[in-house]
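Single-structure report; data block below.
Nothing in this text is a laboratory measurement; each read-out follows from the coordinates by a stated rule. The model shown is predicted, which means the values in this text are computed figures rather than measured ones. Counting neighbours? That spans all protein chains shown, and the Cβs are built from the backbone with ideal geometry, glycine included.
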Amino acid sequence: MTIVTRFAPSPTGYIHVGNLRTALMNYLVARKAGGTFILRIDDTDRERSKQEYVDALKADLDWLGLGWDREERQSDRLGRYEEVAGELRRSGRLYECFETPTELDLRRKKQLNMGRPPVYDRAALTLDEAAREALRTEGREGYWRFLLDRERVEWTDGILGPISIDAGSVSDPVLIKASGQVLYTFASSVDDADMGVSDIVRGADHVTNTATQVQIIRAIGGTVPRFAHHSLLTGPEGEELSKRLGALSIRDLREQGVAPEALLSLMARLGSGQPVELRMSLDEIAAGFDLSQFGAAPTRFDPAELSVLTRHRNQQLPFAAVAGRIAALGIPDGQAEAFWRVASHNIDTLADLDHWAALCLTGAEPLIEPEDAEFVRTALDLLPEMPFDATTWRDWTARVKEATGRKGRGLFMPLRKALTGEAHGPEMSELMPLLHRIRAKG
C-alpha cells in the first residue's frame with residue numbers, strides 16, 4: 001500500500017510552530033515509507049485567503065527543506081465538491097436548513113436547561129418543499145447539514161490509541177454555508193477520498209471532527225485513512241500557546257536567526273518519549289522518527305530550546321557553508337577560515353558574525369576600568385606592531401607581567417577588555433592574529 005499524507009494549511013496568515021509540527025509529522029511519515037506528501041492549499045474561504053500567504057508558506061517550507069510531491073488547491077476543486085454534494089442530497093445525507101444563529105442559540109439554551117445535550121434537533125428534516133420555498137420567499141438563506149448516523153465511530157489512533165466517539169452526541173455538521181462556501185469538514189473529506197490519502201496526522205483538537213469525516217468518507221465511497229492526533233503545544237509555563245503564535249511564525253523565527261535544523265530537530269521530538277537531539281539533515285530526523293513515541297498530554301514549547309539548538313548547529317557548520325557570508329563581511333580570504341573557527345564558538349545566530357567581523361576589522365570600543373587605566377597604558381606601550389601572530393598574546397602578556405608584576409585575572413582581563421571591549425569571548429591567542437586595528441592605541 002502506497003503511503004500518502006498531506007499538509008492542508010489555510011492561507012489566511014503565516015504558518016507558525018503548531019502548523020509546522022503537523023506538516024513535519026506528515027512529511028516524515030511519507031518520507032520513511034517512500035510515499036507521497038501532498039501540499040493542499042485550503043483556500044475555499046475566498047475573502048480571507050491571500051496569495052501572499054500561499055507564497056509565504058511555500059517559502060517557509062522551502063527554507064526548512066520540506067519539499068512536497070504534489071500541490072493541490074481546493075479553489076480548483078469547487079466543481080468536484082458540488083458534484084459530491086449533489087450525490088449526498090440525492091441520497092438524503094445532505095439536507096437544507098434555514099434556522100438563524102439566534103434561533104439555534106435559543107434552542108441550545110433550552111436543551112441545556114432541560115438537562116439535554118445541545119445537539120441540533122433536525123427540525124429541518126420535517127420541512128416539505130412547500131415549507132422550504134416559503135422560507136426562501138421570506139428571505140431565509142438555506143445552508144446544508146450532513147445527516148450523521150447515530151452510531152459509535154471507532155478507530156485505533158496512531159498516537160492516542162483506541163478512540164470511540166458517539167455520533168449521537170454531536171450535531172449534524174454544516175458542510176455548505178448559505179453563501180455557497182464549502183466548509184473544511186466537507187472539502188477535506190472529499191479531497192482525502194479522491195487523493196487516496198492513507199494517513200493523516202493532525203492536532204488533538206480534531207478528534208471529534210474525525211468521527212464526522214469518517215462517516216462522510218464512507219458515504220461518498222472512499223477509503224477511511226489511518227488517523228493520528230498529536231498533542232497541542234503550550235507555552236513554557238503551560239499557558240495557552242495560541243495567544244503567542246503571532247510571535248512564533250516560521251517567518252519571524254527565521255528572521256530571528258533560528259536555524260532550520262534546530263527547528264526541525266525540536267519539532268520532530270517535542271511531545272515524544274525521545275530526547276531532543278540536534279540532527280543536521282532530514283534523513284537523520286526521519287530515521288529516528290516514530291509516531292508511537294508521542295503522547296496525548298499537552299506539550300510545552302520553550303523558544304529558548306531553539307536558541308540552544310541553533311548555537312550547537314552553527315558550531316557544526318563547515319566553513320564552506322558560511323564562506324560567502326564571511327567574504328561579504330570583508331574578512332580577507334587568507335583569514336576567513338581562521339575567523340570562522342574563532343567566531344563559530346562565540347555566536348548564537350549567524351547574524352552575530354557581523355559583530356566579530358566589525359571587531360576584527362575596525363576595532364572595539366575599549367572597556368577600561370579607572371583602576372586599570374595606568375596599567376593598560378603601560379601594557380599598550382609594550383604591544384608590538386601589527387600584524388599579530390599566534391604567539392603575540394603569549395609573548396605580550398609575559399612582557400606586561402614582568403613590567404607590572406600583575407598576574408592571573410588581574411593581568412589578562414583588563415587587556416582583553418581593552419582590546420575587545422568585552423569580558424568574554426574567543427581565546428585571545430586565536431583572536432589577535434585576526435585584529436586589524438586596536439582602538440585603545442588611538
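For the reader, a short list of remarks on this structure follows.
- The simple spin-label model puts a point 7 Å past each Cα toward its Cβ; for Glu369 and Glu427 those points are separated by 2.6 nm.
- Label-point gap, in nm, between Trp63 and Thr378 - each point 7 angstrom along Cα→Cβ: 5.3
- Dipole of segment 321-441 [Lys/Arg +1, Asp/Glu -1 at C-beta], most positive-end residue of Thr420, Ala373, Leu435: Ala373
- Under a Gaussian network description of the chain, with springs only between Cα atoms under 10 Å, the residue in Pro236, Pro387, Pro260 that fluctuates furthest is Pro387.
- Bridgeable aspartates and glutamates around Lys50 (alpha carbons under 20 Å apart, same-chain partners fewer than 8 residues away excluded): Asp42, Asp60, Asp62, Glu71, Glu72, Asp76, Asp252.
- Folded to 0 to 90 degrees: helix 51-64 orientation relative to the chain principal axis, Cα: 50
- 20 Å cut-off, amide nitrogen to a point 7 angstrom out along Ala327 Cα→Cβ, residues in segment 360-378: 361
- Acute angle (nearest 10 degrees) that the helix 184-194 long axis makes with the longest principal axis of the chain, alpha-carbon atoms: 90
- Segment 35-99 versus segment 327-379: alpha-carbon centroid distance in Å: 52
- Kirkwood Rh in Å, taken over all unlike Cα pairs in segment 1-141: 18.9
- Built amide H within the under 5 Å cut-off of Arg73, gap 5+: Ile41
- Computed from the C-beta positions of Lys109 and Glu82, the FRET efficiency with R₀ = 51 Å rounds to 0.90.
- Extension gain (nm, one decimal) between Gln335 and Arg254, 0.36 nm per residue minus Cα-Cα: 26.3 nm
- Against the chain, whose longest principal axis is taken from its Cα atoms, helix 333-343 shows a tilt of about 70°.
- Here the extension length gained between Ala296 and Arg90 equals 70.2 nm, from 0.36 nm per residue of separation less the Cα-Cα distance.
- Cβ-Cβ distance of Glu277 and Arg136, R₀ of 41 Å, FRET efficiency by 1/(1 + (r/R0)^6): the value works out to about 0.10.
- Dipole size of the chain about its Cα centre, with +1 on Lys/Arg Cβ and -1 on Asp/Glu Cβ: approximately 480 debye, rounded to the nearest 20.
- Distance between segment 381-420 and segment 133-175 - C-alpha centres, whole angstrom: 78
- Dipole magnitude of segment 77-131, debye to nearest 20 (Cβ charges: Lys/Arg +1, Asp/Glu -1, about Cα centre): 340
- At R0 = 25 Å, FRET efficiency that the Cβ-Cβ distance of His436 and Glu305 yields, to 0.05: 0.10
- Candidate cross-link partners of Lys401 among the lysines, defined by an alpha-carbon separation under 23 Å and a same-chain spacing of 8 or more, comprise Lys417, Lys441.
- Assigned charges on the beta-carbon of Lys, Arg, Asp, Glu; segment 14-101 dipole about Cα centre (debye): 380
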